[in-house]
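This report concerns only the one structure given below.
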C-alpha cells in the first residue's frame with residue numbers, strides 16, 4: 001500500500017475521504033487549481049463541470065510530478081457556495097471517481113467569499129506522496 005489511512009478507534013468511517021493518512025516518500029505539492037482548461041479559459045460556469053475540469057487539472061499536475069491520484073494524501077477544496085456543494089454531493093462523487101478513481105485522501109472543504117478568478121466556482125489544492133524506490 002502506498003499510504004495508510006488513519007482511523008481512530010470507535011470513530012464512524014468517513015465517506016469519500018480519510019480522516020488522516022500516513023505516508024513516506026517524495027512529496028508533490030499541487031497549487032490551487034480551478035475549473036479552466038490548459039489555455040486558462042472557462043468552458044462552463046456549472047459547478048460540476050468546473051469541478052471535473054479542476055480535478056483533471058490536479059491530475060495533470062500530479063502526472064507532471066511523477067504522481068497519480070493513487071499517491072494523493074491530502075486535498076483542500078475551496079467552494080464559493082457550500083449549499084450547492086452539499087446539494088450536489090452525489091454528482092460530485094461520480095465526477096471524483098471518474099477522474100481520480102477510488103482514492104480517498106484526507107480532505108477539507110471550505111466555503112470562501114470568492115476566488116481570484118471571478119468565474120471560478122471551486123479551487124483545489126493537493127498533496128501527494130510518491131513512494132521511494134527500494
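The values are calculated or read from the model by the stated rules, or taken from the named source; none is laboratory data. Keep in mind the model is a prediction, meaning the values are calculated, not measured. As a convention, Cβ positions derive from the backbone with ideal geometry for all residues, glycine included, and neighbour counts pool all protein chains shown.
Structure values in brief
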item	result
Enumeration of residues in segment 69-101 that are under 23 Å from residue 25 (Cα atoms) and touching a residue at least 60 places away in the same chain (Cβ under 8 Å)	70, 71, 73
Checking residue 72 against (1) closer than 17 Å to residue 22 by Cα; (2) surrounded by fewer than 16 Cβ atoms within 10 Å (Cβ to Cβ); (3) at pLDDT 95 or above, the condition it does not meet	(2)
Sole exception among (1) farther than 20 Å from residue 18 by Cβ; (2) surrounded by fewer than 18 Cβ atoms within 10 Å (Cβ to Cβ) for residue 57, by number	(2)
Of all residues in segment 102-134 being closer than 17 Å to residue 28 by Cβ and without any contact (Cβ under 8 Å) to a residue 40 or more places away in the chain, the one that is farthest from the chain's Cα centre (by Cα)	133
Lone qualifier among 42, 47 - being over 16 Å from the mean Cα position of the chain (by Cα), under 15 Å from residue 122 (Cβ atoms), modelled with pLDDT of 95 or more and surrounded by 12 or more Cβ atoms within 10 Å (Cβ to Cβ)	42
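Per-residue answers, yes or no, for (1) assigned to a loop (DSSP other than H, G, I, E, B); (2) without any contact (Cβ under 8 Å) to a residue 12 or more places away in the chain:
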site	(1), (2)
10	yes, yes
21	no, no
31	no, no
40	yes, yes
50	no, no
55	no, no
59	no, no
63	no, yes
